[in-house]
1. Using Cα-only point scatterers and the Debye equation, what is log10 of I(q)/I(0) for the chain at each q in 0.10 Å⁻¹, rounded to two decimals?
2. Give the angle, between 0 and 90 degrees and rounded to the nearest 10, that separates the Cα long axis of helix 139-168 from the longest principal axis of the Cα atoms of the chain.
3. What do you get for the angle between helix 110-131 and the principal long axis of the chain? Use alpha-carbon atoms, 0 to 90 degrees, nearest ten.
4. Debye sum, Cα scatterers, the stretch 89-209, no solvent: what log₁₀ I/I(0) at q = 0.09, 0.14, 0.20 1/Å?
5. Compute the angle between helix 16-42 and the longest alpha-carbon principal axis of the chain, please, reported from 0 to 90 degrees and rounded to the nearest 10.
6. At a 10 angstrom cut-off on C-beta neighbours, averaged per residue, how do the peptides 65-71, 181-187 rank from highest to lowest?
7. So for the pair residue 35, residue 126, with labels modelled 7 Å out along Cα→Cβ, what separation do we get in nm?
8. Once you have the Cα-Cα distance between residue 15 and residue 74, take 0.36 nm times their residue separation minus that, and quote the gain in nm to one decimal.
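A short reminder: the numbers here are calculations on the coordinates, not readings from a lab. All of these numbers come straight from a predicted model, not from anything done at the bench. Here the Cβ is made from the backbone with ideal geometry for all residues, glycine too, and neighbour counts use every protein chain on show.
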């Protein structure tokens, strides 16, 4: 997304329907973290743990997004920048833990991965449906949409990994998918950071004039 988009923002979150949708999405993400993280340990799946961590991160970042709605443009841009940096940290953690697990490879439980992944996919598709009409906007709004979209993609990948584990009888598909999910986190974070940085610079320039 180019820098020029920052001068053409059409939506900043000031809509009661958006706020209600965001509250529902926060509840969905918090509930799925409480379900998926324990099952990730039970099923010994790095992909499930990565996805659960994503649900937790989204819970906090969406709450931050809700808080800054209606606040000054500089504050909204800083919040989006913080979310982008947090997503980068999460991606690096997932990548590092996946590399570590390569040396202590365990075969995850494909049945647990598939069933929990399906539940997570349903939750994220519900979130995407709730937020779809609000996908275009400033960095704060855009970051919420990108996270939800990436989550749904990640859940499909978890189910693909579960199928791979079941077919191959090894844990490699799980680790490969966890690594790909880390790259998706990092890619999304770069998009958020880039737009937030452009918006922050724009607001500072406007304030100085």
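1. -0.43
2. Roughly 10 degrees between the two axes.
3. With both axes taken from Cα atoms, the answer is about 20 degrees.
4. -0.33, -0.69, -1.09
5. 20 degrees
6. In descending order of packing, they fall as 181-187, 65-71.
7. Spacing of the two 7 Å Cα→Cβ label points: 0.7 nm.
8. Gain on stretching residue 15 to residue 74: 19.3 nm.
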